[in-house]
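Read the figures in this text as sums done on the coordinates, not as results from a lab. These figures come from a predicted structure and were not determined experimentally. Heads up, the Cβs are rebuilt from the backbone with ideal geometry, glycines too, and the neighbour counts pull from every protein chain shown.
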Amino acid sequence: MTEVHIRSIAKSFGPVPVLHDITTQFAPGSFTSLLGPSGSGKTTLLRIVAGFVTPDRGAVTIGTRDVTAVPVWGRNIGMMFQSYALFPHMSVARNIAFGLERRGIRGAEARALVDQALEMVRLTGFGARSPKELSGGQQQRVALARALVIKPSVLLLDEPLSALDRRLRQDMQVELLRIQRETGLTTIFVTHDQEEALTLSDRIAILDRGRIVQSGKPAEIYERPQTRFAAEFLGDSNFLTGTVEQGGVRLADGTLVQSAHPLPAPGAKATLAIRPEKLQVSTTAPNRLTARIVTVIYAGPVLSYLLETLDGTRLKLFQANRDGTILAQGATITLGWSPEHAIPVAE
Amino acid sequence: MPNEASPLPGPQSPGTGLHDLRGPHSPRKIPGWAATTALLLPAYAWLTLAVFLPLATMFVFSFLNKTPMGQAPVEFTLRHYRAFIDQGYLVRIAWNTLVMGFWTTLICAVLGFFAALALVRCTAGRQRETLLVLILLPFWTNGLVRVFSWTMVLRENGFLDSLWHLVGDGSISFLYSRPAIVLGLVHGYLPYMILTCYIALITIDDAVIEAAQSLGARWGTVLTRILIPLAAPGLISGAVLTFVPVIGSFMEPRILGGKVGMTLGTVIEDQFTQAFNWPLGASLSFTLLAVVLAIFATFSGVLKRGAAA
């Protein structure tokens, strides 16, 4: 188990700054997702840890060793790529043995390790096949076996599941998590898929324009987003903007919204984020807003409603499809929510 | 199969799956063989006219006792195919030609591969396009001009010597030698090798190289274990495109080789232009063709493996 430290990393590509002064650490055996939209710098950060990109400033430490100046081949990392990146001219077994050969492990010892790795990814007996003869999911499992067999200090995953279809992706998520727990490898996972990040990680770091805007446990980030970006990028959110007064936020239409969380000083502007599934149709809740249903989206287990308040604020409401009743489009309803669920966020 | 799921009521009986693909409004049916023949006819007609007919004519000539022009009657003979036995010096010339072809191909392969690698790995966009055009430039110049310009560089007190005189005395001119021939041939055929290697290398996913590095491979290992095996089809087709015309070449050996520039190409050319012995020229050509085919047959296993990768 190895810790990875990143200290004051900055990187620009030409005049374009990609990462600004990033400092973070990845605890031993943890599974961390770097989550962000494209262009947020998440892939660059991963590639700096891997050694494919040299940072302009800052240092990367894997375990106790400062690897900032160590080339990729000397870092002992396991890496998985979105395109699988198997060696097309080698059999599955030779693909997996490639990293072992680089470490001088050959012959019977290598064969035993390759078999062990194939067993771990449930592909026993596939050693003689060519990568071309495997499905996408199988190829990605070979790539995982190839990355794990060298007993890397850290496992780096660059959107490895994005090329798989939904069903296969879910199976691979389970598999990946099982193997990560079994091996106890410190894992850094780059993704733009928020659901994947929530399912897999112990910790999520949300990146936006080259900065980590928030990091923490998935539930912590989801329940207590600190910025509008974090609230919007991880899950859906409704935003209500107003001025702080009397321990609440006064909206433009005069409604006072209570929040159970610390607010800025009275008189300041504030934005509250409320998750769409935390809203309910209620006339008794402490916080209430009246809105008209504009669109009804029926998605089986969940119903989504797009609503509009009198002053034009757009809202979303998610309801579990508990008894099959669907609210009518055009109806005006009163939404209520608890002050606990009104989270003040920075713009 | 799309026809299994298709709810379209087809008039065809079950089992004629192919016809279903044409849909219910398919036009008058042309038999498959007729369509194939009609489509292939222009290509084969052109091949017949441009390749098979001249080759066949030369093949017939190679069995005649003299050039079939004028009034004298001609006879059938196999003696020209004994030329390598009757005239022993031809074997030496053939050997020199193959050695020349080998060195030219090898140098082209090494230079071409690394040039293509540099193009693929270190350039992008506009810069890459410009460099590709520059590489193709020798194709746009007349071959004769290109070869003669090398004589200007290589001759005694030529351009190369002038440069040498800046640092040393004497002459390093090597015009009229085998290296000079190889130099001229490499210059002429290098673009083929660069292009075929470039096409092979550009298709290699960057992630494959990165994966190898992440597993502990240094550049040397990446080169020998990943890049060269994956670019083998390009290297092999480049080698074929270079070797075949090089061993038949006569202009470069004659102009840059002078007295040592005797190759099968020049001997054959002499038979057609100087000695007016077309049958001997033709038989030597076919012997050369047989040698080339034999070489490729020997390496066909390697070729197939390369093409499959």
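A few comments on the model shown:
- Among the DSSP helices (H) of chain B, those spanning at least 15 angstrom by Cα along their long axis with an average Kyte-Doolittle hydropathy of -0.5 or more are B:32-47, B:89-122, B:125-140, B:143-154, B:178-202, B:228-247, B:278-298; this is a geometric and hydropathy rule only.
- Helical contribution to [θ] at 222 nm, DSSP H n ≥ 4, -39,500 (n - 2.57), averaged over chain A, rounded to 500: -7000 deg cm²/dmol
- Choice from A:L34, A:L113, A:L198 showing the highest fluctuation, given a GNM over chain A with Cα pairs closer than 10 Å: A:L113
- Label positions at B:R82 and A:A59, each projected 7 Å from the Cα along the C-beta direction, are separated by 8.6 nm.
- Length-normalised contact order for chain A - Cα pairs under 8 Å, 6+ apart - percent: 16 percent
- Remark: the B:L39-B:A56 segment gains 3.7 nm on full extension, using 0.36 nm per residue and subtracting the alpha carbon distance.
- Using R0 = 25 Å, the C-beta based FRET efficiency linking A:A328 and A:T284 works out to 0.70.
- Averaging the sequence gap over all C-alpha pairs within less than 8 Å and six or more residues apart, then dividing by the number of residues, gives region B:95-308 a relative contact order of 26 percent.
- Distance between region B:120-151 and region B:189-265 - C-alpha centres, whole angstrom: 16 Å
- Among B:A207, B:A38, B:A124, the residue with the largest mean-square fluctuation in a Gaussian network model of chain B, with springs joining Cα atoms closer than 10 Å, is B:A38.
- Over the residues of chain B, the helix contribution to mean residue ellipticity at 222 nm works out to -21000 deg cm²/dmol, using -39500 (n - 2.57) for each DSSP H run of at least 4.
- Proxy reagent accessibility, fewest Cβ within 10 Å first, across B:E252, A:E182, A:E340: A:E182, A:E340, B:E252
- Using alpha-carbon coordinates, inclination of helix A:107-120 to the longest axis of chain A, degrees: 20 degrees
- Model label zone, A:K269; criterion: amide N under 14 Å from point 7 Å along Cα-to-beta-carbon; scope region A:227-243: A:228, A:240-243
- When the Gaussian network model of chain A links Cα atoms closer than 10 Å, the mean-square fluctuations of A:G104, A:G247, A:G51 top out at A:G104.
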